[in-house]
Each structure stands twice: as structure tokens, then as C-alpha cells.
Amino acid sequence: MSVFLLNKQPVFPPPHLAEPDGLLAVGGDLGPLRLLEAYRQGIFPWYGPEDPILWWSPHPRMVLFPQALHVSRRLQRRIRSGKFTISADTAFSQVIAACAAGPGRQGGGTWLSLEMQEAYILLHQLGFAHSIECWHENTLAGGLYGVALDRVFFGESMFSAVTDASKVALVALVQQAIRCSIGLIDCQVSSAHLERLGAEEIGRDHFLRLLGKLIRRPHPQEKWRLPYTGKEGNGRADAK
């Protein structure tokens, strides 16, 4: 196998041609057309400050089926305590900046360069990226963001400045996913933290079949609002 060099066209090689570590391609750009095509095929960018743009399709893939979320009793008590206030799509730029300021994936340095932040902010403005914000005493205490295509939410990053804030944000995301009939939340790479919350690993082929089933009309969405005020989804558990 070999890593593919991308050209100016927003086209990717088949994900199953990725290297054993998941690296599929290098180069290209972070324009909306390329990013949306990447996510539609289960590919995402991840690279360091000194690297070219690297595109990944890992195997296995960590995912969370919304109905499989596990909320511990302690976390339930934290949510019921009213310590945190939750919102959606009100502070996307703040959330992504806070994610960039924290440790990078697998504990390394930050991977969210200004170039990447600007790319996702543009996707947010176009209606494809969303954030969940967790507030404590009128201060942003935690949150997450990602890309939504039809019935799939591709989680990109989360942060927590106050204990449990990111977990509370994830619970709110799952509640929103069920309301919107989102059947799959992509967590990308394995994490013991996410596994304790109900996430699991599946094979790349299974993951891609789910994308083909759940992404039929990848149109932009209106900004999310919490509490959800639109038509309630039925929380269909047919993704698997």
C-alpha cells in the first residue's frame, strides 16, 4: 500500500486502501467541498503544525450508537444538580478555540491549527458543523463540535475546563441526536473514556456501510437549539 497524493480536485482514493495505521492521503486543501466529501466517505483530516494535510480512515473505528449511551449514576446526579447550563450553536468559535488550546489527540500537542479552525467555522456558517456548549456561572466550562451529514454526526473534538463538563455536553449531544433521528456518532479513534460512556469499535467496512445507509441527503441544517423545539425524531435504533 502507499499514501496517495491529492490534487486540486476534491476526490479521494477508496478508504480501504489506507495504511494499517489509517493514513490514506496527503495534500489537498480544507475547502468545504473537500471536507464534506471526506466525511461522506468516512475520512477526516488530522495533522500536526509542521505537517502537510493528512487524511485518515482508521480501522477499527470507534462509534457511539445514541441508544447505547451509558450515563453513570454519578453523572446523572451531576446533570440533575443544575450546575451546568447547556446550549447549542451559540459559541462555536469559542468551543473550537478551547479545543485547540487543550492537549491534542493521544495527549500530544495541539492539532487544531488556525487553518483548521477557520475551515470548521466556515462549515458551521454553511450549516454543516455544530457545537454543544456547557456553561458554569456564565463561563464556557466544556463543549464539543463536529460535522453533521444527514443522520450521522462526526465528532471532532471536545474539551472540559470543569470536571464532567464535556461528559454533560456529550449527553446533550446524544439527546439532540435522538431528537434529530441521527443514528450514528463517529468518535474516530479508540478511547477508554468514550468506551465507558458506551462507545464501541467496529470494522471499517461496517462503518462505511452505515454511512451509505444513513447519509442520503447531506444538506445543510438550521442552527441547533436547546431545548429542541423542532419535530421530535423517533430515535430509531436501526443503524446497526
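Data for the structure
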quantity: Some residue of the stretch 202-221 being charged (D, E, K, R), modelled with pLDDT under 90 and under 20 Å from Glu37 (Cα atoms); calculated: yes
quantity: Among (1) among the aliphatic types (A, V, I, L, M); (2) out of contact with any Asp or Glu (no Cβ under 8 Å at 6 or more places or on another chain); (3) more than 28 Å from Pro220 (Cα to Cα) - the single one Leu69 does not satisfy; calculated: (3)
quantity: Positions within the stretch 113-171 being at pLDDT 95 or above, small (Gly, Ala, Ser) and not in a strand (DSSP E or B), in sequence order; calculated: Ala119, Gly127, Ala161, Ala165, Ser166, Ala169
quantity: Among (1) in contact with a helix residue (DSSP H, G or I) (Cβ under 8 Å, 6 or more places away or on another chain); (2) modelled with pLDDT of 95 or more - the single one Ile53 does not satisfy; calculated: (1)
quantity: Hits in the stretch 73-96 - residues which are assigned to a loop (DSSP other than H, G, I, E, B) and over 22 Å from the mean Cα position of the chain (by Cα); calculated: Ser81, Gly82, Lys83
quantity: Residues of the stretch 120-157 classified as small (Gly, Ala, Ser) and within 18 Å of Leu211 (Cβ to Cβ), total; calculated: 4
quantity: Residue satisfying condition, being in contact (Cβ under 8 Å) with a residue 40 or more places away in the chain, surrounded by 12 or more Cβ atoms within 10 Å (Cβ to Cβ) and not polar (S, T, N, Q), within set Phe4, Phe84; calculated: Phe84
quantity: Residues that are buried (at least 17 other Cβ atoms within 10 Å of the Cβ) and not in a strand (DSSP E or B), drawn from the stretch 7-31; calculated: Phe12, Pro13, Pro15, Ala18, Gly22, Gly28, Leu30
quantity: Condition check for Phe159: under 25 Å from Gln94 (Cα atoms) and among the aromatic types (Phe, Trp, Tyr); calculated: yes
quantity: Tabulated pairs, the stretch 26-42, first free of Cβ contacts under 8 Å to residues at least 40 places away in the same chain, second buried (at least 18 other Cβ atoms within 10 Å of the Cβ) and in a helix (DSSP H, G or I), C-beta under 8 angstrom, 6+ apart or interchain; calculated: Gly28/Arg34
quantity: The stretch 172-197, subset in a loop (DSSP other than H, G, I, E, B) and not hydroxyl-bearing (Ser, Thr, Tyr), residue modelled with the lowest pLDDT; calculated: Val189
quantity: Qualifying residue in the stretch 62-78 (condition: touching a Lys or Arg at 6+ places or on another chain (Cβ under 7 Å), touching a residue at least 40 places away in the same chain (Cβ under 8 Å) and under 23 Å from Phe128 (Cα atoms)); calculated: yes
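The values are calculated or read from the model by the stated rules, or taken from the named source; none is laboratory data. The structure presented is a predicted model; accordingly, all values stated were derived computationally and were not measured. All Cβ positions, glycine included, derive from the backbone under ideal geometry; neighbour counts span all protein chains shown.
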